[in-house]
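Here's the structure, in structure tokens; my notes come after.
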Amino acid sequence: MFAVMKTGGKQYKVQSGDILRVEKLAADAGEKIQFNEILMLGGDNVTVGAPLVAGAAVQAEVVDQIKGEKVINFVKRRRKHSSKRTKGHRQKLTLVRVTEILASGADKSGVKAAVGAGSVAGVAVAAAAPKKASAPKAEKKAEAPKAAAAGADDLKLLSGVGPALEKKLQEAGVTSFAQIAAWTDADVEEFGEKLSFKGRIEREGWIEQAKELASK
């Protein structure tokens, strides 16, 4: 059996025993975690999610916290008062070993959900389930936006970011300073194109600002 899961904005096709390098997770070496965003299950029977497969999960063991290859970014501006800048970056990653693929019953496994570093700390799914069951449906709808806001950083603290731009970033899945601080050159180019302000991220110095804000 194999599964296609999503974490850190990327998709991975995995089988039991696979070792993966994923975006940094809030977990220690030796800890067992569970990926709940499963897009597809394959094997004798193929199940495609809409967008996720209900009750499915991929469980893994954290092997180590590592860093990726060093990336050198060189910028030179040819103007009257020319300037140039060289920066190095090593992406923080988490090395995990896939231990089991669950086709169902993920909500009762009791294994800690895998969350990115800087996000709200994950809790065991089994422990969270009774709270959801006891809350009335009307209260769920009313409290959902508040819960989302509580788990996100105030991106308006970044230079040049107002309410409208913050909303665009959140819709693109960017909710914390830690995510922006970990952006690679490819991420900068991707979000520059996606949000129609190519070059602005570097001019405003978002990544440096995000690193400082995330460390507070």
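The values are calculated or read from the model by the stated rules, or taken from the named source; none is laboratory data. Predicted model only: the values in this text are computed from it and were never measured. Here Cβ is always computed from backbone atoms with ideal geometry, including for glycine, and neighbour counts include all displayed protein chains.
Would you check which residues across segment 2-17 are under 28 Å from Ala172 (Cβ atoms), of a type outside the set (A, V, I, L, M) and touching a residue at least 12 places away in the same chain (Cβ under 8 Å) and list them?
Lys6, Thr7, Gly8, Gly9, Lys10, Gln11
With respect to Ala56, determine if the residue is within 27 Å of Val174 (Cβ to Cβ) and in contact with a strand residue (DSSP E or B) (Cβ under 7 Å, 6 or more places away or on another chain).
yes
Can you give me the number of residues within segment 15-37 that are surrounded by 19 or more Cβ atoms within 10 Å (Cβ to Cβ) and closer than 12 Å to Glu100 by Cα?
So the count comes out to 3.
Going by what's in this entry, would Glu31 be described as under 18 Å from the mean Cα position of the chain (by Cα) and charged (D, E, K, R)?
Judged against the criteria, Glu31 is not a match.
Condition test on Ile180, is it assigned to a helix (DSSP H, G or I), closer than 18 Å to Ile72 by Cα and in contact (Cβ under 8 Å) with a residue 24 or more places away in the chain?
yes
Can you run down the residue pairs with Cβ atoms below 6 Å, 6 or more apart or on separate chains, where the first is in segment 106-117 and closer than 16 Å to Gly9 by Cβ and the partner is among the small types (Gly, Ala, Ser) and part of a loop (DSSP other than H, G, I, E, B)?
Sorted first by the residue in segment 106-117, then by its partner, the pairs are Val115/Ala26; Val115/Gly122; Ala117/Ala26.
It is to be established whether one or more residues within segment 151-168 are modelled with pLDDT of 80 or more, among the aliphatic types (A, V, I, L, M) and within 15 Å of the chain's Cα centre (by Cα).
no
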